[in-house]
Amino acid sequence: MKTVDVLVVKLLQLIVTTFFLFVLSLWYGSILLAPLAVWYNLSAFLGGGIFATLVASGLTIGLGFYLAKLPGLVDALIKPGVELYKLALSTVCGLGRIASNIKPKAPPVNSEVKPTGSTTTSAEAK
């Protein structure tokens, strides 16, 4: 029964790890894909040609530099992801400690009970 308990805890640990991996990928992926979305929409707005693409690239890079210079903005975007990572690490490690604390039952000790009566056969008695 203890093996089932360990498997349940390990399955829960896998589910929690997968959830936090998804959330962190979504968080940092959206931060990384936001400039691409700005660039694509600006180039489409400006007409979609090569000139519009170059202008949209310049505007997107300029906007990125401007936002990077704002004090505390990058930290405000990165810090929640780091805190979420720390929460995920502590949760998964806690589940690992729970799984390691589950001890399997000791196998029962076979104590041989000798019968009180004589069980020898006639061949052994001779």
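Answer yes or no: is there a residue in region 37-60 that is assigned to a helix (DSSP H, G or I), of a type in the set (A, V, I, L, M, F, W, C) and under 24 Å from Gly96 (Cβ atoms). No, region 37-60 contains no residue that is assigned to a helix (DSSP H, G or I), of a type in the set (A, V, I, L, M, F, W, C) and under 24 Å from Gly96 (Cβ atoms). Listed by first and then second residue, the pairs linking a residue in region 22-34 that is more than 16 Å from Leu89 (Cβ to Cβ) and assigned to a helix (DSSP H, G or I) to a residue that is of a type in the set (Ser, Thr, Tyr) and at pLDDT 95 or above, with Cβ atoms under 6 Å apart and 6 or more places separating them unless they lie on different chains, form an empty list. Per this entry, Phe45 is counted among residues that are aromatic (Phe, Trp, Tyr) and out of contact with any Ser or Thr (no Cβ under 9 Å at 6 or more places or on another chain). Does Leu77 satisfy the condition of being out of contact with any Leu (no Cβ under 7 Å at 6 or more places or on another chain), surrounded by 11 or more Cβ atoms within 10 Å (Cβ to Cβ) and not charged (D, E, K, R)? Yes: the conditions hold for Leu77.
The values are calculated or read from the model by the stated rules, or taken from the named source; none is laboratory data. For clarity, every value in this text was computed on a predicted model and none was experimentally measured. Neighbour counts are summed over all protein chains in view; Cβ atoms, including those assigned to glycine, are modelled from backbone coordinates with ideal geometry.
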